[in-house]
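We did not get these values from a lab; they are worked out from the coordinates using the rules stated. Keep in mind that what you see is a predicted model, and the values were worked out from it rather than measured. In this analysis, Cβ positions are derived from the backbone assuming ideal geometry, glycine residues included, and neighbour counts consider all displayed protein chains.
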Amino acid sequence: MTSNRFWQLNSRPEAEDVSGSLSLESEPMPELADGEVMIKASYLSMDAGTRMWMTEREDGYQPPLELGTKMAGLVLGHVAASRHAGFAEGALVRGFGQWAEHSIVQPELAGLVKVDDSIDDIKQHFGVLGFNGWTALWGLQETAGVKASDNVLISAAAGATGVLACQIAKILGANVYGLAGGPDKCRWLEEELGITKAIDYKNADIAAELAKVDGGIHAYFDNVGGPILDAVLPNMALYGRVALCGLLAQYKGDGRGHGPEHFDQILMKRLRIEGFFSPDFADQGERLAAELKTWLDQGLIDTPFDITDGIEHVLTAYEKLFTGGNIGKVLVKI
Ligand SMILES: NC(=O)c1ccc[n+]([C@@H]2O[C@H](COP(=O)([O-])OP(=O)(O)OC[C@H]3O[C@@H](n4cnc5c(N)ncnc54)[C@H](OP(=O)(O)O)[C@@H]3O)[C@@H](O)[C@H]2O)c1
């Protein structure tokens, strides 16, 4: 390989139109500086939260990406070259790199970690054992304090984080309710994942459906915010907890939206709403992954993957996160 293809961010996308803002570029294979590692990507992880990095907002959990630079994202691959003592050539690694065939990273800044290459399917490092798995586990256990017999509601339930949250909530003994777009996803959630009930938020009256849940919602694992959160708040149980994982309904614009119209319900129902962010508990990653690995080995949890082949098709894969074209984890195979 003498050249490296990568996606470059050229402008701030407007609403849905991400494709007009990125271009596939090629460069001569970059040289490594001291302390750097080159990762030859096997898979690129498509993550909805990265949409916010394309906006101008300065007060997100990460500063905006500079225009004219490579699009950033999570990468799983092998070390192709290294000038860092901690990472030998050939090691399987995961960390924040670029939407590129080869990512050049400083391991400390990239959160680069070596991961087990002896497991049956290395994709699970972006599935059950990856950030989405940790996020689902942490959000349910630590943030929402889910207990057996709780009524737990999960939005974007058929997405990467959602399917794992559904399965983990079931393992914790909860009654699991999921929100997803369309009858096919809802059927899949009930028949394949075995959740208590899936609600098609695109076609049903969410508030009316949730009002039927006996005892109300004790814990809401929210991936979307926006109008769905508003429909949920009046249906929370007294002393309910909302684990705020993501704000998918707001990522397309400048990342902001209005607060919930039913804000008063936080007091009326004495609710606790808490945001949480996976890099904050990256130091717990090994412990979380070990717990998840036990369930994976026992066949209690799994991730469906939605795989697109080839770096030239990254945007097709990415758009699914916002149009609802995926069940499970969206990956691009390089
Ligand atoms: N806090 C953290 O540390 C952390 C870590 C990882 C992910 N997250 C968050 O988790 C959420 C899910 O991200 P992901 O990468 O796993 O994506 P994903 O769930 O695999 O894909 C997104 C799914 O969300 C649904 N969706 C999209 N826009 C929506 C909207 N406006 N309202 C309702 N549903 C919508 C779509 O399914 P439908 O067909 O059902 O609409 C889509 O398939 C994001 O908010 C992300 O930021 C947070």
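Cβ under 11 Å from Phe131's Cβ, Phe131 left aside: what net charge do those residues give with Lys, Arg +1 and Asp, Glu -1?
On the way: positive: Arg94, Lys329; negative: Asp47.
Net charge in that neighbourhood comes out at +1.
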For this session: For a footprinting-style exposure proxy, rank Ile217, Ile168 by other Cβ within 10 Å, fewest first.
Result: Ile217, Ile168
Problem set entry | Estimated FRET transfer efficiency (Arg187, Thr316; beta-carbon r; R0 22 Å; 0.05) | 0.35
Seminar exercise, completed: Helix-only [θ] at 222 nm, the chain, -39500 (n - 2.57) per DSSP H run of 4+, per residue, nearest 500, equals -6000 deg cm²/dmol
For this session: Find the centroid of the Cα atoms in region 283-303 and in region 3-64, then give the distance between the two in whole Å.
Result: 29 Å
Problem set entry | Simple Cβ-charge dipole of region 1-149, Lys/Arg +1 and Asp/Glu -1, about Cα centre, in debye nearest 20 | 280 debye
Seminar exercise, completed: In degrees rounded to 10, the 0-90 angle between helix 160-171 Cα long axis and the longest Cα principal axis of the chain is 50 degrees
For this session: List the pair-distance distribution P(r) of region 131-279, using every Cα-Cα distance, as the percent of pairs falling in each 10 Å bin from 0 up to the bin containing the longest distance, rounded to whole percents.
Result: 12, 47, 36, 5
Exercise. For Gly246, what charge total do you get from the other residues with a beta carbon under 11 Å from its beta carbon, if Lys and Arg give +1 and Asp and Glu give -1?
Worked result: -1
For this session: Would you please give the residues with an amide H less than 5 Å from that of Met236, counting only those at least 5 places away or on a separate chain, with H modeled from the backbone geometry?
Result: Ile217
Exercise. Full extension from Phe277 to Ser3: what is 0.36 nm times the residue separation minus their Cα-Cα distance, to one decimal in nm?
Worked result: 95.1 nm
For this session: Take the Cβ-Cβ distance between Leu32 and Arg287 as r, set R0 to 22 Å, and report the resulting FRET efficiency rounded to the nearest 0.05.
Result: 0.10
Exercise. What number, in percent, do you get for the relative contact order of the chain if the mean sequence gap of Cα pairs under 8 Å and at least 6 apart is divided by its residue count?
Worked result: 18 percent
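Test of understanding: what is the full-extension gain from Arg270 to Ala211, defined as 0.36 nm times their sequence separation minus their Cα-Cα distance?
19.5 nm
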Exercise. By how many nm would the segment from Glu16 to Lys202 grow when fully extended, if each residue of separation counts as 0.36 nm and the alpha-carbon distance is taken off?
Worked result: 65.2 nm
